[in-house]
């Protein structure tokens with residue numbers, strides 16, 4: 001099987017040099033042009049805003065140098081400085097700056113969207129059936145993702161408790177006849193903390209017998225659902241880090257093996273995240289990883305595109321998913337999806 005991954009890597013490097021590098025060089029020129037147009041603060045605006053504040057500063061300096069002005073004189077000069085700032089600087093700041101900010105934001109979004117739409121189909125072609133989803137702003141897509149969130153939260157018991165959630169699925173693919181999706185979620189928790197996660201979903205042809213959820217160790221072993229009971233495994237090291245909840249302890253022990261956890265840890269490592277939870281339910285396997293905010297940010301107008309390491313990170317992430325899928329395929333019996341030791 002390792003020869004298969006080596007071939008994918010060799011093919012990827014060939015396509016990277018032949019197709020991706022020339023495109024990155026072209027997009028880098030576009031990025032620099034976009035920065036010239038939208039990325040720099042105009043010097044004229046800086047001068048206009050600075051003049052009233054300089055004038056007000058001179059007035060305050062005069063007050064301190066000439067104490068003989070008296071209280072009424074000082075008050076008058078302070079009022080003059082405030083008038084200058086109020087009627088010249090502040091209107092300019094409140095009217096011009098938001099317009100300029102929106103212009104820069106619009107330029108950033110326009111460039112990054114254009115670059116991603118040109119780049120990602122070529123990158124995805126290096127992985128066979130991997131697809132980059134561009135239809136994320138339609139009502140149909142929103143309703144579909146909303147149903148997925150409700151399912152992951154209420155039935156799978158995979159997601160954290162949250163006040164609100166933004167969820168989208170940039171990647172979907174097929175490897176070894178197993179379909180998978182990679183989603184990114186942003187949760188606003190009850191304590192106003194923002195949590196970013198990657199959700200990986202794999203769809204198999206046969207169903208798992210049990211509903212099994214693995215979470216970080218909760219100390220008190222609080223179950224995510226009434227029908228799931230805490231189950232201890234023989235691996236002492238695992239027990240210190242994770243909790244297993246299931247309605248079928250026998251299958252759970254077959255599913256959660258040392259070999260399985262090694263592959264799960266590999267996914268966490270290459271995704272630069274921490275395992276939050278994973279779950280087996282019906283014919284699907286789910287993984288939720290806590291990640292940093294800039295994840296999946298393949299194109300960033302503020303970063304050079306040549307020698308883009310995010311593309312190589314994506315390669316390692318996709319391969320880690322392929323390896324886990326192959327592990328499941330190799331250890332699947334003819335009767336069910338229980339994992340053999």
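Being surrounded by fewer than 17 Cβ atoms within 10 Å (Cβ to Cβ) and either out of contact with any helix residue (DSSP H, G or I) (no Cβ under 6 Å at 6 or more places or on another chain) or at pLDDT 90 or above (or both) is a property that residue 222 has. Residue pairs whose Cβ atoms lie under 8 Å apart, sitting 6 or more positions apart in sequence or on different chains, and linking a residue in the stretch 29-43 that is farther than 15 Å from residue 306 by Cβ to a partner that is modelled with pLDDT of 75 or more and not in a helix (DSSP H, G or I), are 34/301; 39/301; 39/302.
Residue 187 passes every criterion in (1) in a strand (DSSP E or B); (2) more than 19 Å from residue 289 (Cα to Cα) apart from (2). Determine, yes or no, whether residue 179 is more than 25 Å from residue 292 (Cβ to Cβ) and in contact with a strand residue (DSSP E or B) (Cβ under 9 Å, 6 or more places away or on another chain). Here the answer is yes, as residue 179 does meet what is asked.
Among the residues in the stretch 325-335, are any under 20 Å from residue 156 (Cα atoms), surrounded by 18 or more Cβ atoms within 10 Å (Cβ to Cβ) and modelled with pLDDT of 90 or more? Full working, then the answer.
Looking only at the stretch 325-335, we keep the residues that are under 20 Å from residue 156 (Cα atoms), and these are 325, 328.
With the extra rule that they be surrounded by 18 or more Cβ atoms within 10 Å (Cβ to Cβ), the set shrinks to 325, 328.
Now narrow it down to the ones that are modelled with pLDDT of 90 or more: 325.
Yes, because at least one residue in the stretch 325-335 is under 20 Å from residue 156 (Cα atoms), surrounded by 18 or more Cβ atoms within 10 Å (Cβ to Cβ) and modelled with pLDDT of 90 or more.
If you check 243, 282, 235, 217 for being outside the structural domain of residue 26 (by TED's automatic domain parsing), touching a strand residue (DSSP E or B) at 6+ places or on another chain (Cβ under 7 Å) and surrounded by fewer than 19 Cβ atoms within 10 Å (Cβ to Cβ), only one passes: 217.
Considering only residues that are surrounded by fewer than 18 Cβ atoms within 10 Å (Cβ to Cβ) and part of a helix (DSSP H, G or I), look in the stretch 123-144 and name the one that is modelled with the lowest pLDDT.
My answer is 139.
Residues that are closer than 30 Å to residue 127 by Cβ and either out of contact with any strand residue (DSSP E or B) (no Cβ under 9 Å at 6 or more places or on another chain) or part of a strand (DSSP E or B) (or both) within the stretch 157-176 comprise 165, 166, 167, 168, 169, 170, 171, 172, 173, 174, 175, 176, listed in sequence order. Selection of strands (runs of 3 or more DSSP E) fully inside the stretch 190-308 by the criterion of at least 2 residues being within 28 Å of the chain's Cα centre (by Cα) and closer than 23 Å to residue 324 by Cβ returns 194-203, 212-216, 242-246, 274-281, 284-291.
Of all residues in the stretch 156-166, those being surrounded by 15 or more Cβ atoms within 10 Å (Cβ to Cβ) and touching a residue at least 24 places away in the same chain (Cβ under 8 Å) number 6.
For the stretch 285-292, does any single residue satisfy the condition of being in contact with a strand residue (DSSP E or B) (Cβ under 6 Å, 6 or more places away or on another chain), over 20 Å from residue 230 (Cα atoms), surrounded by fewer than 19 Cβ atoms within 10 Å (Cβ to Cβ) and at pLDDT 90 or above?
yes
The values are calculated or read from the model by the stated rules, or taken from the named source; none is laboratory data. All values reported here derive from a predicted model rather than from experimental measurement. Virtual Cβ from ideal backbone geometry, glycine too; neighbours counted across all protein chains shown.
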